[in-house]
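**Student:** Take this structure, written in structure tokens, and hold onto it; I'll ask about it next.
The values are calculated or read from the model by the stated rules, or taken from the named source; none is laboratory data. Because the structure is a prediction, the values reported are computed rather than measured. As a convention, Cβ positions derive from the backbone with ideal geometry for all residues, glycine included, and neighbour counts pool all protein chains shown.
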Amino acid sequence: MALTIDQMEEAAFIFEKENGNAGDDYSRKVLAESILIKYNVDHLEKIIVDGLNDNIYINSDLRVSAYWTLSKRFNRNLIASFKGWLKSELDEGNGAAIYQILIALGNMGEPVFNADREGGSSVYEIDLNVRDAKTYLTSDNL
């Protein structure tokens with residue numbers, strides 16, 4: 001099963017709700033209309049992870065959305081998967097995906113950004129993101 005970009009947003013709101021975030025009016029409206037709400041969060045996570053691992057999400061925007069959605073889980077068990085996806089996105093040269101994965105890993109406490117940088121402001125610093133991703137992948141964090 002492959003999710004659409006809209007369904008990725010729904011899944012992100014489901015994960016946030018699971019983590020205790022009541023959300024705003026918009027996210028509550030999206031959840032009220034979502035067919036994904038019937039899924040257990042672990043199953044929903046598995047659908048997204050399997051889709052990424054099986055290369056179902058060929059479209060870069062969909063992969064970025066999937067990484068963003070999974071980052072809302074704060075599931076440290078996904079760190080190894082995020083590292084693998086980061087290597088793949090580095091090989092592809094996908095700056096947006098690299099950034100989103102770095103943010104996800106950073107949110108899980110991984111030391112992905114150089115000490116002279118603040119991750120949230122790095123979306124347009126593609127060269128520095130690539131540098132930090134390569135440094136992270138070759139460090140003792142593996």
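**Student:** I need every pair where a residue in region 95-114 that is over 25 Å from ASN59 (Cα atoms) has its Cβ under 9 Å from the Cβ of a residue that is among the hydrophobic types (A, V, I, L, M, F, W, C) and part of a loop (DSSP other than H, G, I, E, B), sequence separation at least 6 or different chains.
**Tutor:** MET108/PHE74
**Student:** Additional query: Got a number for residues in region 1-60 being over 21 Å from GLY84 (Cα atoms), of a type in the set (Val, Ile, Thr) and assigned to a helix (DSSP H, G or I)?
**Tutor:** Counting residues in region 1-60 that are over 21 Å from GLY84 (Cα atoms), of a type in the set (Val, Ile, Thr) and assigned to a helix (DSSP H, G or I) gives 5.
**Student:** Report, ordered by the first and then the second residue, all pairs with beta carbons closer than 6 Å, sequence separation of six or more or different chains, a first member in region 128-139 that is under 13 Å from ASP116 (Cβ atoms), and a second member that is modelled with pLDDT of 95 or more and not in a helix (DSSP H, G or I).
**Tutor:** none
**Student:** Let me confirm something: among SER81, SER88, which residue is of a type in the set (S, T, N, Q) and under 12 Å from LEU137 (Cα atoms)?
**Tutor:** SER88
**Student:** Tell me the residue from ILE37, ILE48 that is more than 23 Å from LEU102 (Cβ to Cβ), in the same structural domain as ALA12 (by TED's automatic domain parsing) and surrounded by 13 or more Cβ atoms within 10 Å (Cβ to Cβ), please.
**Tutor:** Working: ILE48 fails: more than 23 Å from LEU102 (Cβ to Cβ).
Exactly one of ILE37, ILE48 is more than 23 Å from LEU102 (Cβ to Cβ), in the same structural domain as ALA12 (by TED's automatic domain parsing) and surrounded by 13 or more Cβ atoms within 10 Å (Cβ to Cβ), namely ILE37.
**Student:** When region 52-86 is examined, which residues are found to be more than 12 Å from the chain's Cα centre (by Cα) and crowded, with 18+ Cβ neighbours inside 10 Å?
**Tutor:** Residue satisfying the conditions is TYR57 alone.
**Student:** Then there is this: With the structure loaded, tell me whether ILE101 is among the β-branched types (Val, Ile, Thr), in a helix (DSSP H, G or I) and under 15 Å from MET8 (Cα atoms) or whether it fails that test.
**Tutor:** Against the criterion (among the β-branched types (Val, Ile, Thr), in a helix (DSSP H, G or I) and under 15 Å from MET8 (Cα atoms)), ILE101 does not qualify.
**Student:** Same structure, new question: Would you tally the residues in region 40-60 being out of contact with any Asp or Glu (no Cβ under 7 Å at 6 or more places or on another chain) and touching a residue at least 24 places away in the same chain (Cβ under 8 Å)?
**Tutor:** Count: 11.
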